[in-house]
Amino acid sequence: MSAITTPLPGSPVAWKLPYRGKVGMACLIFAESAIFTIFVVAYLYYVGKGLSGPTPREVLETPIFYTICLLSSSLTIHFAGKLLERGRRTAFLLSWFLTIALGALFLYGTGQEWHRLIYEHGLTISTNLFGTTYYSLVGLHAFHVTAGLVMLSIVLFFGLAGRVGPEHSARVDVLSLYWHFVDAVWVIVFTVVYVLGR
Amino acid sequence: MSSDAIAIQTASRPWLETLHEWLTTVDHKRLGVLYIVYALCFLMIGGIEATVIRIQLIRPHNDFVSPQVFNRMFTMHGTTMIFFVAMPILFGFANYLVPLMIGARDMAFPRLNAFGFWLTAFGGLLLYFSFVGGSGLYGAGNAPDVGWFAYAPLTSRAFSVGHSSDYWTIALLVSGFGSISTAINIIATILCMRCPGMLLSRMPLLAWLNLVMAGMVILAVSPLTAAQLMLLIDRYLGGHFFDTQTGGSATLWMHFFWIFGHPEVYVLIIPAFAFASEIIPVFSRKPIFGYPVMVAATICIGFIGLSVWAHHMFTIGMTSYTNSFFVLTTMAIAVPTGIKIFNWLGTMWGGKIQFKTPMLFCVGFLFQFLIAGLTGVMMAVAPFDWQLGNSYFVVAHFHYVIVGGILFCLFGAFYYWYPKITGRMLNEGLGKLHFWLFLIGFHLTFDLMHIPGLLGMPRRIYTYEPGRGWDTLNFLVSIGAFVQGVAILVFVANLVVSYFKGAKAGNDPWDAWTLEWSISSPPPVYNFASIPTVASRRPLWDLKHPEDPDSRYE
């Protein structure tokens, strides 16, 4: 039995399989969703179960402006991808930079809220059950935003060095898939923490 | 490239260069071998821990080890065997075989593959470093002793001082990231790297089953990761997730652990099914019976397997609705599993069965897995479980699944694919000796172990009073464990001796039908000189029998 060197008969003409980057990212998103699900379940399960204050009703303020920032960054990254595909590099870089700026603004918002909670209301992760679940869920999301910003910035630096072209559009799309996920998770976290949790 | 050529190459090179090559490799075959060798080392360690447990329980009022050491032994035995033996060894086989079977040159993400392996490897080292570093500055307990599912509040600072639980947590966290990255890789490889003509409906069952396994890893290991993060927050940042004194819940940890824990059983058994589904047809000289049904049953198991976890928790007092739900799902999962058993029997029915060692292990698997499934259905009945939860009956049941099912298939896989991996056959005589010794030892240990469970012997008990009817049984159970130990030594000797002295395997020693047997043993680095094209489920059959190819009937 020798190695197969000649194709077997009946080979199909067209053979196209999905792009591995996209499949890999989709799997990562499934895994991350499972992690977030557990944290969300813990948050909802523990709502109102804490034995001491402060409670969410007393201290939480809805971060509407920063939420708009984050969600609109999904739009800018989408347009950035389209612009790159058409070869309009400068417009791509501009739109990409805007995405990073909006994401960073959101992070600033989270930081400001935490600062207020810690210094004005004395709520830390060890204060009570609400503090534990709140900081870990919102913190987990903020960590994902940070990781996303790092990756987006790497692309920005390569782009500024003139190394990102339309041929990389498939890879850039994989990254924007991740960013869309981070935004979608915020919709869930926002609903759970600021709407249902109060 | 023949094995001689490789031997000459490696012999003439300085060992440092060879070592460097293995440490930096991104080749799926080498990583597969690394996974397997690594897991075999931990199998030895986990086996020694099991032996310590059995020596301690061989007679009443024994004090071979202290109670504290006994707690560490069963914790480390369970954690090691699940996370650092079973998972890596199955990932190793998946890594090695999946690309070869679907006609690919490597995994979809070779570097991610290496990353996953090294995470798992360092996770295992971290767990065992606890023996040295666990007591830290406190001088309190070293290795983790909280049981492999580490129920709260045992893991809280008050009850687990020092760092032993932290080593457990971080080892599982790290290896969990490794598992998730490997699972992502397996899925991307199967979906995106198949050779032309390898439709999903033509994939070898091994690839299909590993696809489902990888999907389950993604959905099941992630909750464990999340739960471990919460535990770390509790232990290091003063959080209250599992702290009942501030409103936290110990039950939530149980749910989170078993949402991982039960799918994990299927993560381990599905690749074992995959081995059986490749080996049984080849040694029955018949194609697999009911291929589409096998795939459907596997996917079914994958889905139902995600919704049975709380049958581990009947004894904690859940509502009757919750109990009923998990009773029903647990019983339902027996249906697709039964379908599989019938399909393997259907494959053997009327075949020209060759009882070579791989087939022997698979036949043993069929019978033992059936019994394991039956005791599983017994314990799915909540009232029965209330009687026997946390008894030796449970221990016997899940060892029947893991040893009688998974390990038997794994041994079959070793005998079947060792020729492909090394280019040498494993010795058939030693193989049969290994099989019979292990079979006798296995049944002596785990058949009898059900009975002290029924008589009320709790699991994890350090020692027991004489005269409860447990004495002789425990003695025989321990003897069986030693027989299994001897069988494992025969197996290891076979692995080593055959590597140097075994008969040359050639490309296709079993006259098999999947793509990995079309290339030399061991395969060249690039796997396939030119990417093959397939037209049926048994591409090699087509090649060997051009007058009557399978492709005509599909």
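The values are calculated or read from the model by the stated rules, or taken from the named source; none is laboratory data. The structure displayed is predicted, hence computed values, not measured ones. Neighbour counts run over all protein chains shown; Cβ positions are idealised from the backbone, glycine included.
Sort out for me the helices (runs of 4 or more DSSP H) sitting completely within the stretch A:43-125 that have 2 or more residues that are modelled with pLDDT of 95 or more and buried (at least 19 other Cβ atoms within 10 Å of the Cβ). If you could, list the steps in order and put the result at the bottom.
Values: elements: A:56-59, A:64-85, A:89-121.
Helices (runs of 4 or more DSSP H) meeting the threshold: A:64-85, A:89-121.
Would you check if there is a residue in the stretch B:500-513 being buried (at least 18 other Cβ atoms within 10 Å of the Cβ), within 9 Å of chain A (Cβ to nearest Cβ) and in contact (Cβ under 8 Å) with a residue 60 or more places away in the chain?
No, the stretch B:500-513 contains no residue that is buried (at least 18 other Cβ atoms within 10 Å of the Cβ), within 9 Å of chain A (Cβ to nearest Cβ) and in contact (Cβ under 8 Å) with a residue 60 or more places away in the chain.
Test residue B:258 against the stated conditions and say whether it is buried (at least 24 other Cβ atoms within 10 Å of the Cβ), among the aromatic types (Phe, Trp, Tyr) and more than 30 Å from residue B:425 (Cα to Cα).
No: the conditions fail for residue B:258.
State all residues of the stretch B:310-361 that are in contact with an Asp or Glu (Cβ under 9 Å, 6 or more places away or on another chain) and surrounded by fewer than 15 Cβ atoms within 10 Å (Cβ to Cβ); if no residue qualifies, say none.
Correct list: B:315 only.
Across the stretch A:30-42, what is the number of residues that are more than 7 Å from chain B (Cβ to nearest Cβ), aliphatic (A, V, I, L, M) and crowded, with 19+ Cβ neighbours inside 10 Å?
Here is the first cut: in the stretch A:30-42, the residues more than 7 Å from chain B (Cβ to nearest Cβ) are A:32-33, A:36-37, A:40-41.
Still in the running and aliphatic (A, V, I, L, M): A:40-41.
Imposing the further condition that a residue be crowded, with 19+ Cβ neighbours inside 10 Å reduces the set to A:40.
Number satisfying all stated conditions: 1.
Just a yes or no: is a residue in the stretch B:292-309 in a loop (DSSP other than H, G, I, E, B), surrounded by fewer than 21 Cβ atoms within 10 Å (Cβ to Cβ) and free of Cβ contacts under 8 Å to residues at least 60 places away in the same chain?
yes
Restricting attention to the stretch B:213-229, and to residues there that are out of contact with any Leu (no Cβ under 8 Å at 6 or more places or on another chain) and within 7 Å of chain A (Cβ to nearest Cβ), which single residue is surrounded by the fewest Cβ atoms within 10 Å (Cβ to Cβ)? Steps first, answer last, please.
Just the residues of the stretch B:213-229 that are out of contact with any Leu (no Cβ under 8 Å at 6 or more places or on another chain), to begin with: B:214-215, B:217-218, B:221-223, B:226-227.
Within this subset, residues satisfying the condition of being within 7 Å of chain A (Cβ to nearest Cβ) are B:218, B:222-223, B:226-227.
Numbers: B:218: 23, B:222: 26, B:223: 25, B:226: 26, B:227: 28.
Here the answer is B:218.
With the requirement that a residue be closer than 13 Å to residue B:102 by Cβ and either more than 11 Å from chain A (Cβ to nearest Cβ) or among the charged types (D, E, K, R) (or both), what does the stretch B:514-554 give you?
Across the stretch B:514-554, the qualifying residues are B:514, B:516, B:537.
Starting from residues that are free of Cβ contacts under 8 Å to residues at least 40 places away in the same chain, facing chain A (nearest Cβ under 10 Å) and surrounded by fewer than 22 Cβ atoms within 10 Å (Cβ to Cβ), keep the ones in the stretch B:187-212 and report whichever is nearest to the chain's Cα centre (by Cα).
B:191
Counting only residues that are aromatic (Phe, Trp, Tyr) and assigned to a helix (DSSP H, G or I), which one in the stretch B:231-265 is farthest from the other protein chains (Cβ to nearest Cβ)?
Within the stretch B:231-265, the match that is farthest from the other protein chains (Cβ to nearest Cβ) is B:258.
Check every one of the helices (runs of 4 or more DSSP H) wholly within the stretch B:343-440 and list those with 1 or more residues that are basic (Lys, Arg).
Ranges flagged: B:408-422.
Name the residue, out of B:89, B:184, that is assigned to a helix (DSSP H, G or I), within 14 Å of chain A (Cβ to nearest Cβ) and buried (at least 22 other Cβ atoms within 10 Å of the Cβ).
B:184
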